[in-house]
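See structure below.
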Amino acid sequence: MTTQLPGMRHRIAAQSVIEELLHQQLSMPPRTRFARFWGVSPLAADSVAWYRGAQGEIEVGRILSRLPPEWRVVHALPIGEAGADIDHLVIGPGGIFTFNTKHHRGKKIWIAERVFLVNGQKQPYLRNSKFEATRVTKILHERMPQLPPVQAVIALVSPASITIKKRPDEVHVLDANYLRRWLLKRPVDLAEADLVELAVIVDASTTWSPTTSAPTPNLMAQYTKLDGEFRSALVRRIIWKLLSIATVTAIGVFVALPQLIALAENVTGNF
């Protein structure tokens with residue numbers, strides 16, 4: 001009896017990242033009641049980057065889910081070894097696109113033809129994104145030689161600013177908020193018949209590399225619980241910080257009160 005493998009369309013945004021995040025969390029002991037009271041983060045030190053990555057990919061997935069039905073989106077496609085994946089693959093009338101999501105909340109982005117800086121630090125995003133698109137182009141051309149080349153896109157989530165000195169030739173760099181509008185303005189590059197055939201190829205698990213681990217049960221439920229705990233802890237830390245500021249201010253006023261009274265009496269005594 002042959003077992004039908006699940007289609008890639010069933011994979012959720014950030015699936016690979018969330019799986020790694022939960023794996024990292026296995027080393028984190030449960031927080032004590034005292035730790036929860038003071039708002040200690042539930043995240044292990046090695047989990048923070050994975051958590052932020054998941055946030056970014058989920059946000060881009062949400063934006064892409066609002067595309068019209070003639071567009072197809074699949075997430076977390078395994079490719080190559082060591083758990084590498086394509087964050088999002090989008091196919092539609094305007095072409096085929098690999099999306100590399102980068103969550104850099106509050107960071108300054110500076111881009112030139114071959115340079116990508118985050119707060120002044122050079123990152124290999126342009127090279128990596130181009131490599132991903134080239135790799136997917138090769139995979140799809142083996143099955144549909146008539147397809148146009150895959151286009152690489154870097155989707156930036158919540159940056160403080162984006163400065164593009166000179167646009168890269170082979171990689172599109174966009175604020176995630178403008179992805180939908182940008183895609184819908186692309187010139188038509190694929191016929192409907194090709195899109196239907198391509199969608200079947202993309203959905204087939206045999207098109208892509210085998211996943212490196214078994215599916216995690218209740219993946220999204222576990223992430224949602226962890227996300228809620230993180231946000232609750234953050235709120236508690238903010239509250240405690242505000243209370244400490246208010247307390248210090250109140251103490252300062254109390255300490256200074258006798259001098260303020262003396263000053264007031266001195267001023268009124270002159271009238």
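Only the coordinates and a few stated rules stand behind these numbers; no lab work does. Here the structure is a predicted model, which is why all the values come from computation and not from measurement. Every residue, glycine among them, receives a Cβ derived from its backbone with ideal geometry; neighbour counts consider all protein chains shown.
Annotations for the structure displayed:
- Axis angle, to the nearest 10 degrees, between helix 48-64 and the longest C-alpha principal axis of the chain: 60 degrees.
- Crossing angle, helix 125-141 versus the chain [Cα axis fit, 0-90 degrees, rounded to tens]: 30
- Candidates Ala250, Ala82, Ala45, ranked by Gaussian network fluctuation over the chain, Cα under 10 Å, top entry: Ala250
- Neighbourhood charge, 10 Å Cβ-Cβ cut-off, centred on Ala76 and excluding it, Lys, Arg +1 and Asp, Glu -1: -3
- When segment 1-146 is reduced to its Cα atoms, the Kirkwood hydrodynamic radius in Å: 17.7
- Under 5 Å, built H, 5+ apart or other chain: amide partners of Val150: Thr137
- Percentage of interatomic Cα-Cα distances in segment 93-234 larger than 21 Å: 57
- The angle between the Cα long axis of helix 192-203 and the main principal axis of the chain comes to about 70°, on a 0 to 90 degree scale.
- Rounded to the nearest angstrom and listed largest first, the equivalent-ellipsoid semi-axes of segment 150-249 from its Cα gyration tensor are 41, 26, 12.
- A simple count of charges around Asp194, restricted to other residues whose Cβ falls under 13 Å of its Cβ and scoring Lys, Arg +1 and Asp, Glu -1, yields -2.
- Two-decimal ratio, the chain, of alpha-carbon radius of gyration to 2.2 N^0.38 Å: 1.37
- Sites excluded, trypsin sites (Lys or Arg not before Pro) in DSSP loops with at most 13 other C-beta within 10 Å, longest stretch of the chain: 186-271
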